[in-house]
1. Using a 7 Å offset from the Cα along the Cα-to-Cβ direction at both Gln5 and Glu60, what is the distance between the two label points in nm, to one decimal?
2. Calculate the all-directions average of the projected area of segment 243-371's alpha-carbon convex hull, and give it in nm².
3. How large is the Kirkwood hydrodynamic radius of the chain, in angstrom, based on all distinct alpha carbon pairs?
4. Let's test the formula: R0 of 25 Å, r as the Cβ-Cβ distance of Leu204 and Ser317. What FRET efficiency results, to the nearest 0.05?
5. Modelling each spin label as a point 7 Å along the Cα-to-Cβ direction, I'd like the Glu297/Arg31 distance in nm, to one decimal.
6. Mind listing which trypsin sites (Lys or Arg not before Pro) in segment 218-256 are in a DSSP loop and have 15 or fewer other Cβ atoms within 10 Å?
7. Sketch the reach of a paramagnetic label on Ala220 as a point 7 Å from Cα along Cα-to-Cβ, and name the residues of segment 12-30 whose backbone nitrogen lies under 15 Å away.
8. Over the C-alpha atoms of segment 1-138, what are the Rg and the largest Cα-to-Cα span, Dmax, in Å?
Amino acid sequence: MAKKQQERQQEIIGSFHIKDFQDDLLYWFERQQRTLPWRQSRDAYRVWVSEIMLQQTRVETVIPYYERFMERFPSVEKLAEAELEEVYKYWEGLGYYSRARNLHAAVKEVQEKYGGTVPNTPEEIHGLKGVGPYTAGAILSIAYGLPEPAVDGNVMRVLSRIFRVEDDITKVSTRKLFEAIVRRIIAHRNPSFFNQALMELGALICIPRSPRCDACPVAAHCRARKAGVQETLPVKKKAKKVRVEERAVALVQREDGRWLLHKRPESGLLANLWEFPNVEYTEAENAREWLSVHMYETFGIKCIPQDLVMEHSHVFSHLQWNLYTYLCGYEGQEERRGSAIAKERVMWVAIEEMDAYPFSVSHKKIVDALREGFQQSLL
């Protein structure tokens, strides 16, 4: 198998002019790279945080989050000492909260096992929670100058066009193929800039649709452009259909003006984030009834869903929530009913105190609408 892989790599690279490609790419990056906050330092911790935040999130979105996060947690030690709920609060709005949870756990391991210094070997850094091949390669090359591949979607798109590779990039075998190619072509004199340049090229020039070939610094090396097939690459199988859930959300206010919040389970989707109690339903005409029964059986809360005050949707990578928020009339709580575990994970919170609680994006929108009196919440 190893011999076949080597033969495939050699077949792909062939007579490719590696040194000329390196020179053209690095020359462009040294002069055209964007000024980004995480490029102001090669500190491994800062590189790590930025790479985790940038996963499936646009650069423009990440910048203010990164700056705020680093101001509060400027070192491994500061982040390791923090409570997860506070970390979630500084992550609030970025989504994919498992990234924050894994980062927090891994940083604690670095603090305890490596004295607060991010490890600089592939074996050690791959052992950290949430650190996959791309993140490990990015940290090792950018922070420590090691010639390790950092292959993400942008890089696979660039390389699939440069070398005219028609393998499906959603397959693990294709990512490993590109990692092997990068090991062959990476500039050992500056692995940091080489990997960042490939990422930058994919973000600014070699974009998914209508690539800017006329502005590409390595267009002369691009086999797909020479063949006129650059817009057909990379090959990517169709994503699975997103599952849709209809969910009824309860806004329950007690006599003292406080609202009922629920903390999600410790594992799974949006683990440990706060939200308004909600339930999936399958019969639209009975949504209020489903919600009322759920509140009573889960929390022992007796309430009557009344006005529908807000409708909105939120899309995850694999799931879409259609949320219907109902203002509910509170009629008390029966201690003998409901799950003891569920009851432990609820709080009655004044609206002015909600800023202290980390919410998912979908429920943060409800908090904001609640403050504004649900003006224009129903379309």
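The numbers here are math on the coordinates, done by the rules we state, and not lab data. Keep in mind the model is a prediction, meaning the values are calculated, not measured. Virtual Cβ from ideal backbone geometry, glycine too; neighbours counted across all protein chains shown.
1. Each label point lies 7 Å from its Cα, and together they span 4.0 nm.
2. Details: hull surface 30.3 nm².
Orientation-averaged projected area of the Cα hull: 7.6 nm².
3. Details: mean 1/r = 0.0424 Å⁻¹.
Averaging 1/r across every pair of different Cα atoms and inverting gives 23.6 Å.
4. Values: r = 24 Å, r/R0 = 0.97.
The computed FRET efficiency comes out at 0.55.
5. Here the answer is 6.8 nm between the modelled labels.
6. Values: sites: Arg223, Arg225, Lys226, Lys236, Lys237, Lys238, Lys240, Lys241, Arg243, Arg247, Arg254; in loops: Lys236, Lys237, Lys238, Lys240, Lys241, Arg254.
Sparse-neighbourhood loop trypsin sites (Lys or Arg not before Pro): Lys237, Lys238, Lys240, Lys241, Arg254.
7. 16-28
8. Taking only Cα atoms of segment 1-138, I get Rg and Dmax of 18.1, 54 Å.
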